[in-house]
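The values are calculated or read from the model by the stated rules, or taken from the named source; none is laboratory data. None of the values given here were measured: they were computed from a predicted structure. Neighbour counts are summed over all protein chains in view; Cβ atoms, including those assigned to glycine, are modelled from backbone coordinates with ideal geometry. With ligands, DNA and RNA removed, areas are computed over all heavy atoms of the protein, side chains included. Shrake-Rupley method; radii C 1.70, N 1.55, O 1.52, S 1.80 Å.
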Amino acid sequence: MFQQTFHIARFLPLLGVLFFTSISLEAQNEIVQNDDAVLLRRIWMVRGGVVGGDRVGEGAGAIGDVNHSGLPDLAVLIGATAEWRVYVDSNNVHTTNPYWTFDSGAGVPWRPVLGDFRGDGNLLVGFTRADIREIRGVNHMTARLMFYELKDSLGKQEEPAMVLNTASYQDSSSAYPRDILVSDIDNDGDDELLLVFGSFLRDLQRTAKAEIWIFEGGPEFQLDTPTVVLKDTEENLTDVYAAVGDLDGDSLPDLMIGANYVGTGPGNRPIRYKFWWGKNRLSDLSIIPDHSVTLDKASVNIDAKFTLLDCDGDGVKDILRLLYATPLGVYLYRSAAGKNIRDRQLTIDDADGYFPGYSIFGSGGYLGDSLQRFESIIMLGARVMFFQGGKNGPNYSYDAYYSAADGGLTPGNVFGQGGPVGDVSGNGWEDYLTANPGWFNLEQGIVILLEGGPYIPTDDTTSGVEVVATVEHGSALHIWPNPVTDELHVAWRGDLKASPSLLRVYDMSGRLVVEGSIQGWQGEALWRCNDVTSGSYLLVVYDRDEQVIAQHQIIKQ
């Protein structure tokens, strides 16, 4: 039996003498990538009291590194009290006691606003507060966006560093944003702040022509007046959706909106997507949309909602849209399909992919891709499922999943607000924060942090998980179960520079038992060893240059 002091340097000369003689490989002696769908692991949770009505998770999101620990921290909106609560980590574990609270009064957008607006590396985090403005006896909402500096402790800031008040830009009017976006849209190294409005009350007259107010970033960043105002030319009827991303491949972020618009006949509510193409200077942006497409025929029940993400890894955003029809489904328009977005109609027939039977959708981030090349798609079917992207977009098999019942909770939808939040757990993989204020028992509400990367059953004392160190990290790899009967799992951190690329197993005489090449960015491999003789073996892990990065003794039962 090999001892822990038996190193590969002592073992390799013996292998050279034996010319790496391999025993015959059998059907159940192989090393493969683990392509099984992963049940995402719940690693942090906040929920309302058993009486209900708290509406925990009315909003949720990452807010940067509040306590300067090296990991992102989280903010949660409590609907019943309209209060944002900030939670920070201690030794890589987030507490369930709030570090700081902020009385918001509202939650649109349903996430904190975070950006490097001055371009100096000091992030500002903003929370939205709703104000009621009475105009001729009628109450209307305006918004104040309260920004705090992350370079200081949030708990020490009694007053915000900057305040944006939408009421100050209008006379006898009211405006509340449908969304707030952050993007470096002129590619100059600092973030711009974008407020998306669907309608206004101006001079006692309501208008439903959408506007996007852009506040330019830089050392002179200010919130007194927008630098540029982009204006739609048509009246909308419902929510206005908006997103920013490079859609045409020129490396400049474009702006896209979608809405139902006033039609020409009874019941006619055409849906249109409209685009502003990116420019190097804000002053060069077209005030009105550069391009517009009308989706499908009016008789088809469709929604204007869409999502931008890069699921095929070409650096250009792809478009997802939902069709409420028979059958229900999500349509994908891939940027790498060879169709120029400036010419595409984005109709049903124009789609490059179709996921029948799914409803909600969005970006699942990079939970299963440590290189962060291919964003995953999150969709709702029998449960919420994550479809990992690839060079040709996602296939039609989901790679990860989660539901309240799967996670041992009372059944109910836990997905509503939230999204990717970076590596909160510190395992090198991006995590996903989900929230739903309507979950269970008279809107108790819940917020859950799901850990990205392979599922490692460290919470199961019977699984036999063993930690293996490399030069890079003291807990670089996890191996289980050991002893093994039929299937050995090898998983690793997502931030290793020298990630596994080749696994080999040797027996005690130095013969090669099995080897297999793997993709380091996927995070987990399997040694299927049911037909291997019982005994002691040495697992050796190599990087892409076939340099040894770890070795570990395995007992086969």
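Taking a threshold of 23 Å on the Cα-Cα distance, which of the pairs 339/391; 274/391; 279/305; 209/305 fall above it?
Beyond 23 Å: 274/391; 279/305.
What three numbers, in Å, describe the spread of the alpha carbons of the chain along their principal axes, ordered from the longest?
90, 54, 48
With all protein chains present, calculate the accessible area of residue 46 using a 1.4 Å probe and round the result to the nearest 10 Å².
20
Could the peptides 456-469, 437-450 be put in order, highest first, of the mean number of other beta-carbon atoms found within 10 Å of their residues?
Values: 456-469: 13.7, 437-450: 23.1.
So the order, starting with the most tightly packed, is 437-450, 456-469.
Round to the nearest 0.05 the FRET efficiency obtained for residue 509 and residue 93 when R0 = 41 Å and r is the Cβ-Cβ distance.
FRET efficiency, residue 509 to residue 93: 0.35.
Pull out the extension gain between residue 207 and residue 350, defined as 0.36 nm times the separation in residues minus the alpha carbon to alpha carbon distance; nm, one decimal.
Stretched fully, the residue 207-residue 350 segment lengthens by 48.2 nm.
7 Å from Cα along Cα→Cβ at both residue 288 and residue 545: what's the point-to-point distance in nm?
So the label points at residue 288 and residue 545 sit 6.0 nm apart.
Take residue 30, project a point 7 Å from its Cα along the Cβ direction, then tell me which residues of the range 474-502 have their backbone nitrogen under 17 Å from it.
Within reach of a label on residue 30: 486-490.
Starting from the Cα-Cα distance between residue 163 and residue 314, subtract it from 0.36 nm times their residue separation and give me the gain in nm to one decimal.
Separation in residues times 0.36 nm, less the Cα-Cα distance, equals 50.6 nm.
Which percent of Cα-Cα pairs in the range 131-244 sits in each 5 Å bin, short to long?
2, 10, 19, 22, 19, 14, 8, 4, 2, 0
With each run of n ≥ 4 DSSP H residues scored as -39500 (n - 2.57), what mean residue ellipticity at 222 nm is computed for the chain after dividing by its residue count and rounding to the nearest 500 deg cm²/dmol?
Result for the chain, helices only: -500 deg cm²/dmol.
What angle, in degrees between 0 and 90 and rounded to the nearest 10, separates the Cα long axis of helix 8-17 from the longest principal axis of the Cα atoms of the chain?
Tilt of helix 8-17: around 60 degrees.
Take the Cβ-Cβ distance between residue 531 and residue 467 as r, set R0 to 22 Å, and report the resulting FRET efficiency rounded to the nearest 0.05. Walk me through the numbers on the way to the answer.
Numbers: r = 28 Å, r/R0 = 1.27.
The formula returns an efficiency of 0.20 here.
For residue 239 and residue 68, calculate 0.36 nm times their separation in residues minus their Cα-Cα distance, and state this gained length in nm to one decimal.
Extra length available between residue 239 and residue 68 comes to 57.8 nm.
Of the listed peptides 488-500, 243-255, what is their order by residue-averaged count of other C-beta atoms within 10 Å, with the highest listed first?
Values: 488-500: 22.3, 243-255: 19.1.
In decreasing order of mean packing, 488-500, 243-255 become 488-500, 243-255.
With the other protein chains left in place, how much accessible area per residue, in square angstrom, belongs to the chain at a 1.4 angstrom probe?
Working: 23700 Å² over 557 residues.
For the chain, the solvent-accessible area averages 43 Å² per residue.
Size of the dipole of the chain about the Cα centre, Lys and Arg at +1 and Asp and Glu at -1 on the beta carbon, nothing else charged, in debye to 20?
With Lys and Arg at +1 and Asp and Glu at -1, about 980 debye.
Under a crude label model (7 Å from the Cα following the beta-carbon direction), how far is residue 328 from residue 101 in nanometres?
3.7
Would you mind computing, in nm to one decimal, how far apart the modelled labels at residue 396 and residue 50 are, each placed 7 Å from Cα along Cα→Cβ?
With each label point 7 Å from Cα toward Cβ, the separation is 4.6 nm.
Give the distance, in whole Å, between the Cα centre of the range 484-557 and the Cα centre of the range 121-148.
The distance from the Cα centre of the range 484-557 to that of the range 121-148 comes to 56 Å.
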